[in-house]
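What follows is one structure encoded as structure tokens, with my remarks underneath.
No value in this document is a laboratory result; all are computed from the given coordinates. Keep in mind it's a predicted model, so treat the numbers as computed, not measured. Cβ placement follows ideal geometry from the backbone for every residue including glycine, while neighbour counts extend to all protein chains displayed.
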Amino acid sequence: MIPIVSIVGKSDSGKTTLLEKVVRELRSRGYRIATIKHDAHSFEIDHEGKDSWRHKQAGANLTIISSPTKMALVADTDHDHSLSELREKLIKDMDLIISEGYKREVHPKIEVFRSEMKRDLLCEKDDNLVAIAGDPSNPPEGIPVFDLNDPGPLCDFIVKRFIRT
């Protein structure tokens, strides 16, 4: 089963920036990485007037856009899918799935934390918090803290803890 790690944090804490750094670093080490971004609202990846948008507007329950270099799937859903559901239905042949968001899921979490934002940590150890990227003044006991600007040591931790080689 492909392991899942979630990068969580308050709004504007730097989740996406950290995810980009971690993905780049892990890819440079030869790992195959899938990402999932949670959006609590509705979103559009297609644009009005494009053929695939027209397919969905015509009533297709599932539309796939495919080219020689990438593909995308747009499907109707009846609920907000969990990370486990998405992994089982859609993701194959990857070494790791990194999600952005999904703070209420049971999967391991790395919280992005910036003290200058003057907020409390979002997660506790009981929330399956496994690491913090940032500068908390009082991190939970036993939770490692990593520098937001140096993804190497955090990636070492991720590989050792989650990626089966």
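The set of residues in region 147-160 being surrounded by 13 or more Cβ atoms within 10 Å (Cβ to Cβ) and either farther than 22 Å from Asp95 by Cα or of a type in the set (Lys, Arg) (or both) consists of Leu148 alone.
Table: residues versus (1) touching a Leu at 6+ places or on another chain (Cβ under 8 Å); (2) not basic (Lys, Arg).
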| residue | (1), (2) |
| --- | --- |
| Pro3 | yes, yes |
| Ser6 | yes, yes |
| Gly9 | yes, yes |
| Arg24 | no, no |
| Arg29 | no, no |
| Leu86 | no, yes |
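Among the residues making up region 113-133, those that are farther than 26 Å from Ile2 by Cβ and either in contact with a His (Cβ under 7 Å, 6 or more places away or on another chain) or of a type in the set (A, V, I, L, M) (or both) are Met117, Leu121. Only a single criterion out of (1) surrounded by 12 or more Cβ atoms within 10 Å (Cβ to Cβ); (2) on the phi > 0 side of the Ramachandran plot is not satisfied by Pro3, namely (2). If you go through region 80-132 and pick out every residue that is surrounded by fewer than 16 Cβ atoms within 10 Å (Cβ to Cβ), part of a loop (DSSP other than H, G, I, E, B) and acidic (Asp, Glu), you end up with 4. None of Ile91, Ile110, Ile97 is in contact with a strand residue (DSSP E or B) (Cβ under 8 Å, 6 or more places away or on another chain), touching a residue at least 24 places away in the same chain (Cβ under 8 Å) and over 14 Å from Ile7 (Cα atoms) except Ile91.
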